[in-house]
Structures are given as structure tokens and as C-alpha cells.
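Chemist: This is the structure I have questions about; it appears just below.
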Amino acid sequence: MQRGSTFDCSLRVLALRDHSEWELRRKLREKGYPEEEVGESVERLKELGYLDDTRFARLFASSALRNGRGYGARLKAEMAKRGIAAEIVAATLAELAEQFSESELLKEMIERRFSRFDPETATEKEKRRVVGYLQRKGFPLSAIFAQLNTHSTF
């Protein structure tokens, strides 16, 4: 159901949160706006600086890293799912790798999610649960094991 012009609708959508170009196009098409108007609106928003996939990727990825929603492969997949170009994803992840330490992120996530976990006294089932959780978040197995082996940092 359309309400107002395509551009006005775009502004309302972007006022709620930043979106990738692909997400915005999808939302406008779902609302029934013609493809030609969607394209014109998106181009105008890009010219004005209101729509920027690189900015969106940086904000999305840094938020995900800070809040423990994903890392590495998981984060890469989440950004691709939102229509971010592979080269922007790669550049964003490389940039954030300099800002965020993998071991520190792992340590923080383990402390936050599994505060009572001790690798020395944990059962195999508990260890598998922690390792599985961290893998699903996108951390490589080698980094997880390295962090668990340095358990004195917990």
C-alpha cells in the first residue's frame, strides 16, 4: 500500500534506521512503488548522502562485533544477505579487524555468555556447547581452542 511519494517513503524508512541499497529497494517494491520511481529515489538518496552501502556496512559490522551478534564468516554472510557487495564486505571486515582483536572479542563473549564456564573443570558436553555456540557466531575453531587453552584470562 503506497502512502506518499517514493522519495518520501524512502526517507521515512531511512529515518528509522540505516539500510543498504538492496534492502531499501526491496522494501519500496514490497510497498508497491514502480521500479522506475524506486530507481530514481535511490539515486537521489545516494546523491544526497542518505544512502551509502559502505557506511551501512561499517555501522552494521561494528555494531554486530560490539554486541556479540557475529564475527568472521557469520558477519560476512549477514552482510551479503543484506545485499552488500563482496568488495565492500571485504574492505569493511579488513578495516574492523584492525580495530577489534579476535581474542578480545572471544574472551568478552565467553565471559558475557558463559560467565561460570571453566575449561579445566567443564564436562565434554559443556565444552561442546560453548565451542558450538562460538562457531555459530563465526569464530574459527583454531581461535576458539586457543582462547580456551588460555583459560587463565577468564
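Chemist: Can you tell which of Gly49, Gly39, Gly72 is within 30 Å of Leu16 (Cβ to Cβ) and touching a Pro at 6+ places or on another chain (Cβ under 8 Å)?
Modeler: Gly72 is the lone residue from the list that is within 30 Å of Leu16 (Cβ to Cβ) and touching a Pro at 6+ places or on another chain (Cβ under 8 Å).
Chemist: Being of a type outside the set (Ser, Thr, Tyr), without any contact (Cβ under 8 Å) to a residue 24 or more places away in the chain and either exposed (fewer than 13 other Cβ atoms within 10 Å of the Cβ) or more than 30 Å from Leu105 (Cα to Cα) (or both) is the requirement here; does Glu35 meet it?
Modeler: Yes, satisfied.
Chemist: Something else about it: For residues that are farther than 27 Å from Ala90 by Cα and out of contact with any helix residue (DSSP H, G or I) (no Cβ under 9 Å at 6 or more places or on another chain), tally how many sit in the stretch 16-35. I'd like the intermediate steps shown before the answer.
Modeler: Taking the stretch 16-35 first, the residues farther than 27 Å from Ala90 by Cα are 28-35.
Checking which are out of contact with any helix residue (DSSP H, G or I) (no Cβ under 9 Å at 6 or more places or on another chain) leaves us with 30, 32.
Number satisfying all stated conditions: 2.
Chemist: For Ala73, which of the numbered conditions (1) under 14 Å from Phe60 (Cα atoms); (2) touching a residue at least 60 places away in the same chain (Cβ under 8 Å); (3) of a type in the set (A, V, I, L, M) fails to hold?
Modeler: Only one criterion in (1) under 14 Å from Phe60 (Cα atoms); (2) touching a residue at least 60 places away in the same chain (Cβ under 8 Å); (3) of a type in the set (A, V, I, L, M) is unmet by Ala73, namely (1).
Chemist: I've got another one for you. Taking Lys46, is it surrounded by 13 or more Cβ atoms within 10 Å (Cβ to Cβ), over 19 Å from the mean Cα position of the chain (by Cα) and either in the same structural domain as Ala143 (by TED's automatic domain parsing) or within 19 Å of Glu87 (Cβ to Cβ) (or both)?
Modeler: Yes; evaluated as a whole, the condition is true for this residue.
Chemist: Could you tell me how many of the residues in the stretch 91-126 are among the basic types (Lys, Arg) and modelled with pLDDT of 90 or more?
Modeler: Our first condition is that a residue be among the basic types (Lys, Arg); within the stretch 91-126, this holds for 107, 112-113, 116, 125.
Now drop any that are not modelled with pLDDT of 90 or more, which leaves 125.
Going through the stretch 91-126 one residue at a time, the tally reaches 1.
Chemist: While we're on this one: Does the stretch 10-39 hold any residues that are of a type in the set (Ser, Thr, Tyr), out of contact with any Lys or Arg (no Cβ under 7 Å at 6 or more places or on another chain) and either in a helix (DSSP H, G or I) or closer than 18 Å to Ile84 by Cβ (or both), and which are they?
Modeler: Across the stretch 10-39, the qualifying residue is only Ser10.
Chemist: Still on this structure, I have one more. Just name the residue that is farthest from the chain's Cα centre (by Cα) out of those in the stretch 109-127 that are within 23 Å of Leu75 (Cβ to Cβ) and not in a loop (DSSP other than H, G, I, E, B).
Modeler: By that ranking, first place goes to Glu111.
Chemist: For the stretch 40-74, name all the residues that are in a loop (DSSP other than H, G, I, E, B), out of contact with any Asp or Glu (no Cβ under 6 Å at 6 or more places or on another chain) and among the small types (Gly, Ala, Ser).
Modeler: Within the stretch 40-74, Gly49, Gly68 qualify.
Chemist: Taking the stated definitions as given, is Glu104 farther than 30 Å from Leu14 by Cα, over 15 Å from the mean Cα position of the chain (by Cα) and surrounded by fewer than 13 Cβ atoms within 10 Å (Cβ to Cβ)?
Modeler: For Glu104, the condition - farther than 30 Å from Leu14 by Cα, over 15 Å from the mean Cα position of the chain (by Cα) and surrounded by fewer than 13 Cβ atoms within 10 Å (Cβ to Cβ) - is met.
Chemist: The conditions are (1) under 30 Å from Gln147 (Cβ atoms); (2) at pLDDT below 95; (3) in contact with a helix residue (DSSP H, G or I) (Cβ under 7 Å, 6 or more places away or on another chain); (4) not polar (S, T, N, Q), and Ile88 fails exactly one of them. Which is it?
Modeler: (2) is the only condition that Ile88 fails.
The values are calculated or read from the model by the stated rules, or taken from the named source; none is laboratory data. None of these values were measured; they are calculated from a predicted model. FYI the Cβ positions are ideal-geometry reconstructions off the backbone, even for glycines, and counts take in every protein chain you see.
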